[in-house]
Amino acid sequence: MFKGGSRGRKGRSGLSESDQADAARVDPGKAKTAARHTAIGLLSRREHAQSEIRRKLHERGFDEEVALEVVDDLTRKRLISDDRFAEMFIRSRAARGQGPVRLRGELRQLQVPAELIEQHLNDAQVDWTRLAVGIRQRKFGGKAASNMSERAKQVRFLQYRGFTTDQIRVAMETSCADELLESGDGLDPPDHDAEF
């Protein structure tokens with residue numbers, strides 16, 4: 001059943017959410033239809049995880065039971081897919097320079113099943129280490145950190161972006177190696193097992 005609450009938007013039925021709420025109070029059977037129209041409107045803007053749609057329906061005043069019923073129905077019809085959502089989420093966030101640790105955490109918060117998260121992180125055509133190197137260089141330039149304070153700042157930035165310790169280590173060492181190679185020192189690249 002619809003509990004109320006409105007933002008004045010017009011749904012697919014042409015009724016605002018407040019009009020849908022009034023209709024749902026008069027005829028509880030209309031609550032499911034109104035919730036379905038609201039969910040489809042949300043999905044028409046972008047992919048959503050099942051938990052997001054349930055939460056958004058609940059925020060708009062729909063009972064938990066109605067929200068769950070609508071989400072289950074739309075999932076069976078493949079209009080909502082955590083599988084598709086996880087793939088899209090990882091691809092778009094990686095393009096923004098976010099690493100696998102952060103993506104895994106955000107997807108877990110959205111209650112996407114762990115096996116889907118791992119599958120899509122593994123299937124993503126992303127070289128996470130190269131991404132970490134590129135993000136560090138874009139933010140801080142190609143030169144190595146000049147002191148420990150600057151180094152710590154860069155490491156914290158990469159951690160916040162969601163990169164693993166190994167990816168961060170390579171990103172930090174890559175800047176040093178690039179600098180040494182550019183200077184013509186001829187030293188071998190740094191040992192990737194070294195601590196940063």
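The values are calculated or read from the model by the stated rules, or taken from the named source; none is laboratory data. All values reported here derive from a predicted model rather than from experimental measurement. Cβ sites come from the backbone with ideal geometry, for glycine too, and all protein chains shown count toward neighbours. Quick note on the areas: whole protein, heavy atoms, side chains included, nothing else; ligands and nucleic acids left out. Shrake-Rupley method; radii C 1.70, N 1.55, O 1.52, S 1.80 Å.
A single entry from E87, E52, E106, E115 fulfils the requirement of being open to solvent by less than 20 Å² (accessible area, probe 1.4 Å), at pLDDT 95 or above and among the charged types (D, E, K, R): E52. Of everything in segment 118-134 that's in contact (Cβ under 8 Å) with a residue 12 or more places away in the chain and in a loop (DSSP other than H, G, I, E, B), which residue is least open to solvent (accessible area, probe 1.4 Å)? Once the filter is applied, the top-ranked residue is A124. For segment 74-97, filtering for residues that are part of a loop (DSSP other than H, G, I, E, B) and within 23 Å of L42 (Cβ to Cβ) leaves 6.
Of the residues making up segment 135-156, those that are in a helix (DSSP H, G or I), open to solvent by 30 Å² or more (accessible area, probe 1.4 Å) and not basic (K, R) are Q137, F140, M148, S149, E150, A152.
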